[in-house]
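Some notes on the structure that comes next.
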């Protein structure tokens, strides 16, 4: 016979779990004791939300389920935002929460919530374990669902008395499972449609980043010469220094990349995810769309593709690539002209050396400092638009943007998870001062874990994106400004290295110094957002609209 909590850990080991991120409580003590004898490492964090963000990021990078742990009640409720982050963002993550004994009450209703019911709307699977015998099957099913396309969050509740039970069950081995492939007739129909088009374009979404289609898509573009646009979650699938890159859809409409897509007569939409901003390219009777994904298209008023290739994305692209013939009548001049105009416009902005730092120059400085495989992890704020538009990603999952839940507070934990998965790569968290302070206590965790990363704080002493929207909508400036600690002293109080930017040249020096130094580095960087409205809401739209194509 085996203690149920020991069996639970054995099942996690069978699934290949490396880490359990979390904050244990009284109701997890049997689990914690069993974990202490395992090769799985406990990563103790300072808040359950940070643990969830780290676990989700682990899943995003590896495709394997990241695991996090919390107690009942307030510990479980602190997982809610991270659960939604993983669920909407397509990241495999398992949450394990404790609970009071379910066979007999020892404290009435103290701290007891219906956590399983609470997790229902924001997970793919949630279940209370009522018997030690069922642990292997429930864990195997939870991992299967977490990792099955589209990946997401799952939850298991392990009550105290169940964890202490004896059971003769044993772990269930992972099955070998190949992704289904797209049907041959659909592949041929898509190939013919692409060959017949005059100006086809690729739009690369989050699903293409998630399923590691980089090699096949790169070969497809190299063979055909068809240009590509990315969504924010699709950045980096193909090297964006490619001469076929047409930009990222960071703005909802009116950007140069939208003009490029308007000149296409066929859109090949690869890994589209409805969680991102609605597709900006569909009109009834307008340009036809080929949908390439593991899942059928969710039809709504703005998305209704004409051809669907359902199956493994990389395989579908490979099948088309093997048979397609580049066509002499293809013409991409208008698309490429639109992107050239965007590059020219950016060049008029990104050498502005003003202080506080100008966002276009900030992006340029970070891009020049980071190696091709370096990973930037953005929190949520207006700077996300600047980085999505202007930062050319070189490899998949090197720009971790949350354009699904778009939550604040994930930047630092996401960078920490990235540094654990890839200890030999350069990692940078890029956070607004508002988002950073939501989980800034995880600086202690980062220092304790001896991680190597840079935390770049963009300080404007306000909730800048909402303040920008407030001004754009004609409201008075109200209710969105705050004070900040001395971030240099704050970093040093945790045992990290603090730096304060004093000029645009100094920023460039600090980025290199921190990149090439060990340990946790924090850079306090004041930013000048005064031109956000003028450039993002007016200038870009006016210039792109007046572009003669």
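No value in this document is a laboratory result; all are computed from the given coordinates. Only a predicted model underlies this, so the values are computations on that prediction, with no experimental measurement involved. Cβ coordinates were reconstructed from backbone atoms using ideal geometry, including for glycine residues, and neighbour counts include every protein chain displayed.
Footprinting exposure proxy ranking of 318, 330, 468, fewest other C-beta atoms within 10 angstrom first, gives 330, 318, 468. With respect to the chain, whose longest principal axis is taken over its alpha-carbon atoms, helix 359-369 is tilted by about 70°.
In the chain, helical runs assigned H by DSSP with n ≥ 4 each contribute -39500 (n - 2.57); averaged across all residues and rounded to the nearest 500, the mean residue ellipticity at 222 nm is -10500 deg cm²/dmol. The packing ranking, built from the mean of other Cβ atoms within 10 Å per residue, places the peptides 429-437, 221-229, 377-385 in the order 429-437, 377-385, 221-229, highest first.
Round to the nearest 10 and give me the degree value, 0 to 90, for the angle of helix 411-421's Cα axis relative to the longest principal axis of the chain. Compared with the principal axis, the helix lies near 80 degrees.
Share of pairwise Cα-Cα distances greater than 16 Å in region 87-190 is 66 percent (whole percent).
The ranking of 127, 521 from fewest to most other beta carbons within 10 Å of each one's beta carbon is 127, 521. From least to most packed, judged by other beta carbons within 10 angstrom and beginning with the fewest, 421, 447 follow the order 447, 421.
Counted over the chain with a bin width of 20 Å, the fraction of Cα pairs per bin, in whole percents, is 21, 51, 26, 2. Ranked by the mean number of other Cβ atoms within 10 Å of their residues, highest first, the peptides 172-179, 84-91, 42-49, 541-548 fall in the order 84-91, 42-49, 541-548, 172-179. Rounded to the nearest 0.05, the FRET efficiency derived from the C-beta distance between residue 546 and residue 325 at R0 = 41 Å is 0.65.
Relative to the first principal axis of the alpha-carbon coordinates of the chain, what is the inclination of helix 313-323, with its axis defined by its Cα atoms, in degrees from 0 to 90 and to the nearest 10? With both axes taken from Cα atoms, the answer is about 40 degrees.
A simple spin-label model places the labels of residue 533 and residue 141 5.4 nm from each other, with each point 7 Å out along Cα-to-Cβ. Dividing the mean sequence gap of close Cα pairs (under 8 Å, 6+ apart) by how many residues the chain holds gives a relative contact order of 13 percent.
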